[in-house]
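The structure appears right after this line, and notes come after that.
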Amino acid sequence: MKPGLLGWLAVFVLAALLPLVHPGGYVLDIAINTMIWAMLAYGLNVMLGYTGLLPLAHAGFFGIGAYAVGILTLKAGWSFWLAWPAAVVLCALLGLLLGLVAFRTKGDAFSIFTLGVGVIIALVINKWDALTGGNEGLNGVPPANGFLGIDFSKATNFYYVALAALAVTVLVVARTRGSVFGRSLAAIRGGEDLARSAGIDVFSHKLRALMLSTAIAGFAGGVYAAYVGFLGSSVAGPTTTFTVLLYLLVGGVGTLAGPLLGTALIFVALQFMKGLQDYQYIVFGPLLVLLVMFAPQGLAGLWDRWSLRRTAARTERAVDHA
Amino acid sequence: MTIFLQQLFNALALGGVYALVALGLTLVYGVMRVPNFAHGGLYMLGAYFTFAILTGLGVPYVVALLLAALGVALLAALLERVVFYPLRNAPHVHAMIAAIGVLFFLEAAVQRIWGADFKQIPEPLPGILNAGGVIITWQRLLVIAASLLVMLGLNYFLKRTLTGATIEAMAQNREGARLVGINVNRVGMLTFAISGALAAVAAALIAPLISVGPSMGEVMNLKVFAIIILGGMGSVPGAIVGAFLLAFAEIFGGFYINFDFADVIGFAVLVLVLAIRPEGLFRRGT
Amino acid sequence: MLEVRDLSVNYGSFRALHDVNLTVQGGEIVVLLGANGAGKSTLFRTLSGLQRPSGGTATWNGTPLTGGKPEFNVAHGVAQCPEGRLLFPDLSVEKNLRLGAFVHRRDAAGTGRELERVYTLFPALVEKRHAPAGSLSGGQQQMVAIARALMARPELLLLDEPSLGLAPLVVEQVFEAVQRVNEAGVSVLLAEQNAFAALGIAHRGYVLEGGRVSLQGTQNELLGDDRVRSAYLGV
Amino acid sequence: DRVVNIGYSGPLSGGAAFYGKNVQSGIDLAIGEINQAGGVNVNGEKVTFKLVALDDRYLPNETATNVRRLTSQGIDVIFVPHAGGILTVQPLANRDPNFLLVAYSSEPKILAANNPLTFMLPPRYDNYIAPFTSTQMKAFGKKLGLVGTTSAYGKQWTDAITDEWKKQGGTVGSNNGVDYSTTVDFSSAVTKALAEKPDVLFVGGPSQPTAQVIKAAREQGFKGGFIVMDQAKFEEMNTIIPQAYLDGSVGVLPTIEYPGSQAFVAKYQRAYKKIPTSEAALNYVGMHAVARAMALAGTTTDPVAIRAKLGQAAASLPKSVGIYAVKGVTPAGHLDSDVVAASVKGGKFTKLRLPNMK
Amino acid sequence: MPDPQPNTPMLEVQDLGIRFGGLQAVRDVTASLPAGQITAIIGPNGAGKSTFFNLISGFYQPTSGRIRFRGEDITRLRTHQVVGRGIARTFQTTTIYKELSVLDNAMIGHRVRTRAGLLDALLRTGRERHDEGESRAGAMRALERVGLAAQAGRPAGALTQEGQKRVGIAMALASDPHLLLLDEPAAGMNPEETVSLMSLIRELVAGGLTVALVEHKMNLVMGLADQILVLHHGQKIAQGTPAEVSRDPAVIEAYLGGHAHGGQMGQTADGGNAHA
Ligand SMILES: Nc1ncnc2c1ncn2[C@@H]1O[C@H](COP(=O)(O)OP(=O)(O)OP(=O)(O)O)[C@@H](O)[C@H]1O
Ligand SMILES: Nc1ncnc2c1ncn2[C@@H]1O[C@H](COP(=O)(O)OP(=O)(O)OP(=O)(O)O)[C@@H](O)[C@H]1O
Ligand SMILES: CC(C)C[C@H](N)C(=O)O
Ligand SMILES: [Mg+2]
Ligand SMILES: [Mg+2]
């Protein structure tokens, strides 16, 4: 954890310097997008990585967070700084509601059940014209209100909001993972029956993990709403969930660096592949297949395995000498 | 009353198509434990193969349907070999992501080959049957009849033949199946081939009624996943019941409420059923 | 005759079996003793073709068993009741048993006869014949596993710790059944922790330690051996 | 000689890919033509063009990312063919760096935004509403049924036609609109709509599903007329269903029927082996207008100057390029063209005059 | 923690029963487990022994009867509440977290004694830090009791079968139970290992724990148990000291069989006396 901490500090300091090199434009846009989707990937990782359950409604919660911010700021005239936490709380509560029902199912059924919920969320957003603007979307969501003279409608400044949000997300996830609570989640991932017999209140732990995870999704959604300024229902649909799942898998499920690594890599790679025009998915599809075949642990997993092998070799040597 | 009957026929035809597509998916899930998100891609491919064979070779519709089924079956078997077999010991998410990769590939490749615009397959049996005000197109009757026939055949195959039993055995314990002398590689490919053929038959049947486009599989994907969850993942009778349940929910829900909400109603039924019976309507297994 | 020559098996860089040599003559019961992790199951999996050896050979009546094709081995008369049972949990007991006779799928009548035989061997399974195998108790499942292996009508039966978790009475029945199967001409290779009972019915035995054969002998030789007595008989 | 890049962000994969490709084909054809003719002369320099197309899968946020990418490559003209994307990037157009946003969408809100750097190509859909209504009400009767698509655009159409139909004294049945892009079988929605015995049916979405809806209605014995939303094109529908089914419909006039279209149609069919619709044709016109405006403005990099010359450029397009008898560009940035509607009778198209645009 | 006074019942069950569809897996079982003693539950395969344990530990909800633990009715409690009251268990097939370290396994077992939740984790509260320390200490105590303290840092899966069984027991002990349920703890162990397991169990009981175990290895049962409960078809058919039970004709008929098992079981009849 300690050398990891240094690494994270380095990443965030470097990231903070980016706008000085690229003030505005495409590079910053990519960076902000990467951070937004990485946050969503962190939310998903709390479930898939730490609790071992794969919910597929996360884009829905991302959408709820985004629309909550959009509607509250655009229609109710709230300040972004008020709407954002409200959106997070809303997502946590809805996560609780989802969990109460969804945890009756197990395994793949849980995944697909939540996929169904995700589809319903997207559909409801799409059909509820009066509130969400329906298919037309919600246009003109105001950027985050400025304070202390900082204008957050400027991408360069908003970039720091996104960066701070990402830092908070990573901190929250890291703390959860290394805690007494987090160890219980690991137990649940290892086997629910066993965790139950060890005295863990499996249901309540899963519920809280899901709430944390949907809250993070809503947190990311809020940033998205303020940044893009336009909301369409498709962002809440399953395609978004699967895309983010992809980021997570490529980065490494259950690792702390994985969500960020995977999102950065795939998001940027997809940008490059856009140049391939009609061939972009002809190349990207098989690439995905190869990725899960040859780097099943993801990028962070590769790293872990490598360093594990090194420490293992070291201890083995030590044992030999004993 | 005529309207009710009319909608009943619409629901039966839709349910039949859903069932065929869902059956293949549930089989593959049951045997390989792969949530095959490429299944919608196979369905889409079935429609394009039918289209290409019809326009390219000028053979009769039935021949085109069978050839398309064969083609997609072979392709699905290949898919099992190249993609899913190497991933058989990996966690489900991996196979799932790989399947999505395959879906991306299939859609892009089809768009590359046949273009992004819609294709139309002429109806082999044009015209309508007017039974006392209830109007049914011959194609819909064909869909209903053919899908029933295929389902009966599949059920016979699984329950009454030993090859069918091997599929079930492998669904439950791969290594155990090997130990009693079952060639699991062959069964795996066979299962994928069957699932591909079913999807292709469904596509060939429905294609004349709809427009064929590269992304037609995506919508179907979501529906059939809902169906097999509804029915209980891996359960064959569950897939059939789930398919008709969804079709009826969509059509009658749409009819009595609003067709724009048909999809919402379909998924709401799914969520409702699972909330009451978390394991689906039919528990997996025999 | 089962002939294992210099058989070695690796799991990655870990060598689980080192140059193992052993034989089972036609009609023999041979017991394989060994602590946890000695390599018994590894040997069995290799003989069934589930595991490829890294060196050496294994043949049954001259037919090589190391081709990595379990279906080939079963078809040539080598069936196994594996560790962990590996049943088809959602299929009925009877379907499990019928699938055990998969290699005789062209001989329905023979399979029917064999089914009757295993039901007389394990009467407890008769009332459970339509129950999903997974709903049975641990011991009952063990019986299904043995019965399923018998359904293949093997010439060589590999039993990997068949008494694990069985009630004493059933252990007794199982060993009796093994003896009866053997009397009908089937050779048996039996891995057991329950050394006393196993040696009671075996003609010969081997002791496997750390992946190597450390001792072999006839029933009486082994029963009399001090190391065997202390390590495996608890005396 | 200089090559100037033109940007395009549209759906090139997924469900709307056919649409994005159609739009792209029009721009491509125009660029090919211009380049083959040796480019345009800008301040004494020969300038040719190259299209940089990026997929946005119809998602506005991806459009925004694409636009930032294109502008950061120094591109000053960007085509976007969907209202969501257009509305999202409009605020970016006159920021730093600014660019000319060529909008292919008939959404009136685009003009209402009063963005000085937007150039909107198609006619506003609300031009069609009144003539469609009066024509069909006269020909078939006063009862309207609704089975339009439920896309954003379709819903607006449905609302507008409902209002207008009532205003002209008709009655409107319940809304049986369905999402044309996700519905597998349309016949049940049609059955329900027909149960109310309408005289006229409002339909429309992408051409192919629209044709399926019309087919289902005719098969179920519907004898009345159709009001076909402008998104669906007669020339695409009648390759799928018998022309007879379309009898009694009103919709947009097929591009082929415009007197000035022959040269364009011939060239397009040679290049793409399919019938050009107004999606290709209007973007073709738009690209030509942009190129000419650059020549007139004497710059390829100043969007404000180019925008200022667009009116003059459009008005001076030859008939074979202008296709729709282009008169110029309105101060709000709208292409002022003579797009007409048509009613179908006996397989023949009769032109319907549209009221003047506001 | 453990109750000192022996022979007062630690656990009492009354008319306990459960149905699975048409099958009555446990039927009207009434019994009590005296504190500080070892009770063995034996019976043929499928007799309902594991199910009996599952009922007590709250894994299954009984369809009839009640369970009292230290005077409190725990019939309707959920598993984690039961563990919280002081009943811990191990499974018939060894189940532990193989990828986690031995220490982590034990710490998971101690979870029920800690209260730190998600908010504590996020805010790094005092409770979080306190509980973390407690978990570590509690887990180490448990590991010491089963003799695994030295292996604390190793991945549990790297241990021998027998070592893994100990991890399972340590996990159970880490919850500071009053009553420990062991389902076939010696399955798959050789005689040597079995003997060392027996002495471990004896030590635990000497430390004040009450133990109930299911086992088919008669030498272990006869050598350890103060009391034996015999189930058959879900019903209790006998109860008594090892000597009484092994002479009971119903038990011999249903379970022990005539004679041939002598070797396997070792000394059958001479009760509490273990191996030399
Ligand atoms: N798939 C595997 N991968 C790596 N190592 C393995 C694998 N299977 C077994 N081993 C190792 O090989 C050695 C022999 O194992 P094996 O299962 O053959 O022993 P066994 O004698 O059957 O033991 P038991 O009495 O516990 O069944 C053990 O050290 C085991 O950990
Ligand atoms: N979840 C369940 N669903 C249905 N039947 C069950 C279930 N659990 C156990 N049974 C049945 O209850 C009976 C008792 O099973 P149990 O596992 O308690 O036996 P046991 O006494 O532990 O046997 P063994 O010594 O073989 O482990 C068996 O017939 C078993 O098939
Ligand atoms: C092949 C299996 C998935 C079939 C399943 N056991 C059923 O018939 O319900
Ligand atoms: Mg073994
Ligand atoms: Mg048991």
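Observations
- Of the helices (runs of 4 or more DSSP H) lying entirely inside the range C:73-169, the ones with 3 or more residues being within 16 Å of ligand 4 (Cβ to nearest atom), in contact (Cβ under 8 Å) with a residue 12 or more places away in the chain and hydrophobic (A, V, I, L, M, F, W, C) are found at C:138-151.
- Filtering the range B:139-167 to residues that are surrounded by 18 or more Cβ atoms within 10 Å (Cβ to Cβ) and under 15 Å from the mean Cα position of the chain (by Cα) leaves B:Val143, B:Ile144, B:Ala146, B:Ser147, B:Val150, B:Met151, B:Leu154.
- Of the criteria (1) under 27 Å from A:Gly146 (Cα atoms); (2) within 14 Å of chain D (Cβ to nearest Cβ), which one A:Ala59 fails: (1)
- Each residue in the range C:122-148 was checked for being over 13 Å from C:Ala177 (Cα atoms), buried (at least 23 other Cβ atoms within 10 Å of the Cβ) and more than 13 Å from chain E (Cβ to nearest Cβ), and 1 pass.
- Of the residues examined, B:Val63 is not one that is out of contact with any Gly (no Cβ under 9 Å at 6 or more places or on another chain), away from chain A (no Cβ under 14 Å) and outside any helix (DSSP H, G or I).
- Scanning the range E:44-97 for residues that are in a loop (DSSP other than H, G, I, E, B), among the charged types (D, E, K, R) and in contact (Cβ under 8 Å) with a residue 60 or more places away in the chain yields a single hit, E:Arg70.
- All positions within the range D:115-127 that are of a type outside the set (Lys, Arg) and at pLDDT below 90: D:Pro123, D:Tyr125, D:Asp126, D:Asn127
- Looking across B:Ala64, B:Ala98, B:Ala77, B:Ala69, one residue alone is of a type in the set (Gly, Ala, Ser) and within 18 Å of B:Met220 (Cα to Cα). It is B:Ala69.
- Top-ranked residue in the range E:54-75 [being closer than 17 Å to A:Ile200 by Cα and polar (S, T, N, Q); ranked as nearest to the other protein chains (Cβ to nearest Cβ)]: E:Ser57
- Any hit, the range B:168-185, residues being at positive phi and either in contact with a helix residue (DSSP H, G or I) (Cβ under 6 Å, 6 or more places away or on another chain) or more than 15 Å from ligand 3 (Cβ to nearest atom) (or both): yes
- Residues of the range C:170-197 satisfying the condition of being buried (at least 21 other Cβ atoms within 10 Å of the Cβ), away from ligand 1 (no atom under 16 Å from the Cβ) and closer than 23 Å to E:Ala47 by Cβ: C:Val170, C:Val171, C:Val174, C:Phe175
- Considering the conditions (1) surrounded by fewer than 18 Cβ atoms within 10 Å (Cβ to Cβ); (2) closer than 28 Å to D:Tyr8 by Cβ, D:Asn115 is excluded by exactly one of them, (1).
- In the range E:227-248, the residues that are within 15 Å of the chain's Cα centre (by Cα) and away from chain C (no Cβ under 14 Å): E:Gln227, E:Leu229
- Lone unmet requirement of (1) more than 16 Å from ligand 1 (Cβ to nearest atom); (2) within 11 Å of another protein chain (Cβ to nearest Cβ) for C:Gly68: (1)
- Residues in the range A:163-185 that are at the interface with another protein chain (Cβ under 7 Å from one of its Cβ atoms) and in contact (Cβ under 8 Å) with a residue 24 or more places away in the chain: A:Val172, A:Thr176, A:Phe181, A:Gly182.
- Condition check for E:Ala25: in a strand (DSSP E or B), more than 22 Å from C:Ser135 (Cβ to Cβ) and of a type outside the set (Phe, Trp, Tyr): no
- Filtering the range E:160-194 to residues that are within 7 Å of another protein chain (Cβ to nearest Cβ) and more than 16 Å from ligand 1 (Cβ to nearest atom) leaves E:Met171, E:Ser175.
- Test: E:Ile87 is β-branched (Val, Ile, Thr), within 19 Å of the chain's Cα centre (by Cα), within 14 Å of A:Gly199 (Cα to Cα) and more than 8 Å from chain A (Cβ to nearest Cβ): yes
- Residue within the range A:92-101 that is modelled with pLDDT of 95 or more, in contact with a Gly (Cβ under 6 Å, 6 or more places away or on another chain) and part of a helix (DSSP H, G or I) present: no
- Scanning the range E:184-207 for residues that are without any contact (Cβ under 8 Å) to a residue 12 or more places away in the chain and acidic (Asp, Glu) yields one hit, E:Glu192.
- Within the range E:158-183, restricting attention to residues that are within 16 Å of ligand 4 (Cβ to nearest atom) and touching a residue at least 60 places away in the same chain (Cβ under 8 Å), the residue that is surrounded by the fewest Cβ atoms within 10 Å (Cβ to Cβ) is E:Gln161.
Residues are listed down the side, and each one gets a yes or a no for (1) farther than 23 Å from E:Leu204 by Cβ; (2) at the interface with another protein chain (Cβ under 8 Å from one of its Cβ atoms); (3) at pLDDT 90 or above:
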| position | (1), (2), (3) |
| --- | --- |
| E:Thr30 | yes, no, yes |
| E:Gln37 | no, no, yes |
| E:Gly46 | yes, yes, no |
| E:Phe52 | no, no, yes |
| E:Leu77 | yes, no, yes |
| E:Val102 | no, no, yes |
| E:Met107 | no, yes, yes |
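- Pairing each residue of the range B:255-282 that is free of Cβ contacts under 8 Å to residues at least 40 places away in the same chain with any residue that is among the basic types (Lys, Arg), provided the two are 6+ apart or on different chains, yields C-beta distances under 6 Å for B:Pro278/A:Arg104.
- Failed item in (1) among the aliphatic types (A, V, I, L, M); (2) within 16 Å of ligand 1 (Cβ to nearest atom); (3) touching a Phe, Trp or Tyr at 6+ places or on another chain (Cβ under 8 Å), with E:Ile108 passing the rest: (2)
- A:Gly298 falls short on exactly one of the conditions (1) crowded, with 17+ Cβ neighbours inside 10 Å; (2) at pLDDT 85 or above; (3) within 14 Å of chain B (Cβ to nearest Cβ), and that condition is (2).
- C:Asn61 away from chain E (no Cβ under 14 Å), of a type outside the set (Ser, Thr, Tyr), within 19 Å of C:Leu157 (Cβ to Cβ) and within 16 Å of ligand 2 (Cβ to nearest atom): no
- Within the option set D:Ile256, D:Ile323, D:Ile275, being out of contact with any Cys (no Cβ under 9 Å at 6 or more places or on another chain), closer than 22 Å to D:Gly10 by Cα and β-branched (Val, Ile, Thr) holds for one residue only, D:Ile275.
- Taking the criterion of being buried (at least 18 other Cβ atoms within 10 Å of the Cβ) and either at the interface with chain B (Cβ under 7 Å from one of its Cβ atoms) or under 19 Å from the mean Cα position of the chain (by Cα) (or both), the residues of the range C:99-114 that qualify are C:Leu99, C:Gly100, C:Ala101, C:Phe102, C:Val103, C:Glu114.
The values are calculated or read from the model by the stated rules, or taken from the named source; none is laboratory data. Just so we're clear, the structure is a prediction, and the values are computed from it rather than from any experiment. FYI the Cβ positions are ideal-geometry reconstructions off the backbone, even for glycines, and counts take in every protein chain you see.
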